[in-house]
Amino acid sequence: MSIRDVYIVDAVRTPIGKFGGALAPVRPDDLAAHVVRALVDRSPALDPARVDDVYFGDANGAGEDNRDVARMAVLLAGLPVTVPGVTVNRLCGSGLEAVIQAARAIAIGDASVAIAGGVESMSRAPWVLQKPERAFPAGHQQLHSTTLGWRMTNPRMPAEWAVALGEGAELIADKHGITREQQDAFALASHRKAAEAWAKGLYDDEVVPYPGVDLTRDECIRDNTSMEALAKLKPAFRPEGGTVTPGNSSPLNDGAAALLLVDEDGLRETGREPLARIRTSAVTGIEPQLFGLGPVAAVRRALEKAGRSFADLTTFELNEAFAAQSLGCLAEWPELDPEIVNPRGGAVAIGHPLGASGARLAGSVAHQLAAAGSGTGLAALCIGVGQGLALVLER
């Protein structure tokens, strides 16, 4: 069996909304349907019935994104009912996992045309109530927030693995001697790069605002923040001696992203020039409390499989779950030029809608490679509970 080349023809995303912000009134299945519909509309030569499958990442799945949000997106977007959909969950890596699974299906001939993406509405994530072990309990029952992080944790899980995500970032700061000032400087650069990219129109080709919502730019970017303003914020996870703050962490967000993937036959049907070609991917595991360093091994493995090195990279989109986490990864890649990392800003500024972020990163790399005309790009994320995921693209 021959392995087929897989091309990214197009990639779109919503502006990323802040928690409780402009996109909070929009259901996650509607967000997903919007980017699917926009993606199909941008390739009018392609018959939507030719889409063999729709893969969508979703990290929560506890609320309106239940019951296979990928299939719901297909139906709500008005695609033919013959188009199937599957939802995948690798927590923060879910959107990138969807892209990888779709690419794998095309590469082995199970599909010719696929849509891959991700969605999350952290604003609309519900509180959930566990069923009691026995019927009709007399006492009070606890609601659990499904917005982010550990909940209903198995008591057999070692306590050191089940620390809060922000405490995991603090552990990385301890491990690599990363200071509060370094984290704040990283966050400031993220906001400045994102604001500059928007001002230059670099996101115009990929962002599709949600109709009826007054949001045309990522909502969490702070154009006028400063080191002085960031320094005033209190540590969020270690009140005494902590370095991780709301200002140097990614916020809670809402958004969706989607990519159109094809083989050679599908490419001819679209009549379009591809943005990039998918080369390799890799996934690795790490101690859960050090989840933020998950991309370190995954990136090295993906590059090795591609026969490439850090010196070959044109651009690198690394998800900024926390500044400390990103800086920790960079410290373990001394060969990498940090200037090519997140040139249009990262998640600290843009936002991190969990299930959508990986698709956003892959789409951004593809658009950047298309703008450059050639090169090798990489998208990578850390993943809660200790995993790393990476994807290599080429043009």
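The values are calculated or read from the model by the stated rules, or taken from the named source; none is laboratory data. Owing to the predicted nature of the structure, the values given are computational and were not obtained by experimental measurement. When we count neighbours, we look across all protein chains shown, and the Cβ atoms used for this are built from the backbone with ideal geometry, even at glycine. Note: accessible area is taken over every heavy atom of the protein model, side chains too, but ligands, DNA and RNA are not part of it. Shrake-Rupley method; radii C 1.70, N 1.55, O 1.52, S 1.80 Å.
Could you list all residues from region 73-87 that are open to solvent by 10 Å² or more (accessible area, probe 1.4 Å) and within 21 Å of the chain's Cα centre (by Cα)?
The answer is Gly85, Val86, Thr87.
Please verify whether Asp174 is open to solvent by 80 Å² or more (accessible area, probe 1.4 Å) and at pLDDT 95 or above, treating the condition exactly as stated.
yes
Taking Tyr210 as the residue in question, decide whether it is open to solvent by less than 50 Å² (accessible area, probe 1.4 Å), in contact with a Leu (Cβ under 7 Å, 6 or more places away or on another chain), under 28 Å from Gly17 (Cα atoms) and among the hydroxyl-bearing types (Ser, Thr, Tyr).
It is true that Tyr210 is open to solvent by less than 50 Å² (accessible area, probe 1.4 Å), in contact with a Leu (Cβ under 7 Å, 6 or more places away or on another chain), under 28 Å from Gly17 (Cα atoms) and among the hydroxyl-bearing types (Ser, Thr, Tyr).
Looking only at region 144-171, count how many residues are among the hydroxyl-bearing types (Ser, Thr, Tyr) and open to solvent by less than 30 Å² (accessible area, probe 1.4 Å).
Residues in region 144-171 being among the hydroxyl-bearing types (Ser, Thr, Tyr) and open to solvent by less than 30 Å² (accessible area, probe 1.4 Å): 2 in total.
So which of Ile383, Ile340 is of a type in the set (Val, Ile, Thr) and open to solvent by less than 10 Å² (accessible area, probe 1.4 Å)?
One residue alone meets the criteria, Ile383.
Looking only at region 319-371, how many residues end up being in a strand (DSSP E or B) and either touching a residue at least 60 places away in the same chain (Cβ under 8 Å) or under 19 Å from Ala116 (Cα atoms) (or both)?
Qualifying residue count, region 319-371: 1.
All but one of (1) farther than 24 Å from Val6 by Cα; (2) open to solvent by 20 Å² or more (accessible area, probe 1.4 Å); (3) in contact with a strand residue (DSSP E or B) (Cβ under 9 Å, 6 or more places away or on another chain) hold for Gln101; which doesn't?
With (1) farther than 24 Å from Val6 by Cα; (2) open to solvent by 20 Å² or more (accessible area, probe 1.4 Å); (3) in contact with a strand residue (DSSP E or B) (Cβ under 9 Å, 6 or more places away or on another chain) applied to Gln101, the lone miss is (1).
Does Glu317 satisfy the condition of being surrounded by 22 or more Cβ atoms within 10 Å (Cβ to Cβ) and acidic (Asp, Glu)?
In short, yes.
Please state which one of Gly345, Gly294 is under 27 Å from Tyr203 (Cα atoms), among the small types (Gly, Ala, Ser) and either open to solvent by 10 Å² or more (accessible area, probe 1.4 Å) or touching a Ser or Thr at 6+ places or on another chain (Cβ under 8 Å) (or both).
Gly345
Assuming Val213 fulfils every condition listed in (1) farther than 25 Å from Leu327 by Cβ; (2) in contact with a Pro (Cβ under 7 Å, 6 or more places away or on another chain) apart from one, which condition is it?
Against the list (1) farther than 25 Å from Leu327 by Cβ; (2) in contact with a Pro (Cβ under 7 Å, 6 or more places away or on another chain), Val213 comes up short only on (2).
Give me the pairs, please: first residue somewhere in region 202-222 and under 18 Å from Gln368 (Cα atoms) and modelled with pLDDT of 95 or more, second residue anywhere and assigned to a loop (DSSP other than H, G, I, E, B) and open to solvent by 90 Å² or more (accessible area, probe 1.4 Å), beta-carbon distance under 8 Å, and either six or more positions apart or on two chains.
Between residues of region 202-222 that are under 18 Å from Gln368 (Cα atoms) and modelled with pLDDT of 95 or more and residues that are assigned to a loop (DSSP other than H, G, I, E, B) and open to solvent by 90 Å² or more (accessible area, probe 1.4 Å), the close pairs are Val207/Thr216.
Could you check, for region 142-161, whether at least one of its residues is within 28 Å of Ser364 (Cβ to Cβ), touching a Pro at 6+ places or on another chain (Cβ under 8 Å) and assigned to a helix (DSSP H, G or I)?
No: region 142-161 contains no residue that is within 28 Å of Ser364 (Cβ to Cβ), touching a Pro at 6+ places or on another chain (Cβ under 8 Å) and assigned to a helix (DSSP H, G or I).
Are any residues in region 98-126 under 20 Å from Ala59 (Cα atoms) and part of a strand (DSSP E or B), and if so, which ones?
Selection gives Ile115, Ala116, Gly117, Gly118, Val119, Glu120, Ser121.
State all residues of region 114-143 that are of a type outside the set (A, V, I, L, M, F, W, C) and over 27 Å from the mean Cα position of the chain (by Cα); if no residue qualifies, say none.
Correct list: Gln130, Lys131, Pro132, Glu133, Arg134, Pro137, Gly139, His140, Gln141, Gln142.
With respect to the numbered conditions (1) assigned to a helix (DSSP H, G or I); (2) farther than 18 Å from Leu39 by Cβ, which one is the sole condition not fulfilled by Leu267?
The single condition Leu267 does not satisfy is (2).
Looking at Arg134, Arg90, Arg50, Arg42, which one is of a type in the set (Lys, Arg), on the phi < 0 side of the Ramachandran plot and crowded, with 19+ Cβ neighbours inside 10 Å?
Arg90
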